[in-house]
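Presented below is the structure to which this report refers.
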Amino acid sequence: MKTTTLIIFFLLINTSSLFSQENIIRSYEIYGFDKPQKVVLFEYNNGKFEGNVITELRKGKIRDGWLGRTWQNIWAKNAKEVIDVNPINELVVKKLMSELKENEIETIKSCWCDKECESNSHFLDAEDIYFNIKTIEIQREYQFAGINSLNKNYKETTNLRSKAQNLVTIIYNRLDLNQRFWEVFERLPRGYYFWREGHVLANMKNRKKKKK
């Protein structure tokens, strides 16, 4: 009986050890870019890194006029969802997570805790950027209103919003999100697709060329 118990005990330890090697010890989730994209980055306790750019679209054509607006408000919500998951090279993920950490993605102060940041959050016509950060020591979510990357030729003047803009710029520079967005349509079938940009819906007909 004791022998059986010991065998089960060691099996449980070994199984637990195998599973623990795949445990996530750090994750960054960032979304709210110009396009309907989400960046997810993971670090595992076995030294591996993994990440994806997730693009969410809906299939269908936007209609003009009052009928179109009605369609947007009612049927568009139930349109078929299309989700594209585009892997990021492991080395790129490792470098990106390191650079983001160095630039305070884990410890940056929330905008609503800073009067200067909060009072300057309405100047830019841009999407709100959301950050979901998890580590062994930290679990926090925060957002910044109307933050563009420096590629948009606008530099934030307040200290905290400048730090947030730097984080967004690092992501754009490392991943080229605009290029990745248009590459999605090379993987999708022909047809109409739409997505939300701010308070409006953007629509596009995918004219995917036939392979020769």
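The values are calculated or read from the model by the stated rules, or taken from the named source; none is laboratory data. On a predicted model such as this, the values are computed, not experimentally measured, just so you know. With ideal geometry, Cβ positions are generated from the backbone for all residues, glycine too; neighbour counts draw on all protein chains shown.
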(message) I'm told N153 meets every condition in (1) at positive phi; (2) surrounded by 15 or more Cβ atoms within 10 Å (Cβ to Cβ) except one. Can you identify the failing condition by its number?
(response) (2)
(request) Any chance you could count how many residues in the range 151-196 are in contact with a Cys (Cβ under 6 Å, 6 or more places away or on another chain) and either assigned to a helix (DSSP H, G or I) or hydrophobic (A, V, I, L, M, F, W, C) (or both)? (result) 2
(request) With the checklist (1) farther than 20 Å from D84 by Cβ; (2) among the acidic types (D, E); (3) at pLDDT below 90 in hand, flag the one item E197 doesn't pass. (result) (1)
(message) Give all pairs with beta carbons closer than 6 Å in which a residue from the range 146-163 that is under 20 Å from L177 (Cβ atoms) meets a residue that is of a type in the set (V, I, T) and assigned to a loop (DSSP other than H, G, I, E, B); count only pairs at least 6 apart in sequence or on separate chains.
(response) K163/I108
(request) State yes or no: is I136 surrounded by 14 or more Cβ atoms within 10 Å (Cβ to Cβ), touching a residue at least 40 places away in the same chain (Cβ under 8 Å) and among the β-branched types (V, I, T)? (result) no
(request) Output the number of residues of the range 202-212 satisfying the condition of being modelled with pLDDT under 80 and either small (G, A, S) or touching a helix residue (DSSP H, G or I) at 6+ places or on another chain (Cβ under 8 Å) (or both). (result) 1
(message) For N148, only one of the following conditions fails: (1) more than 26 Å from N46 (Cα to Cα); (2) in a helix (DSSP H, G or I). What is its number?
(response) (2)
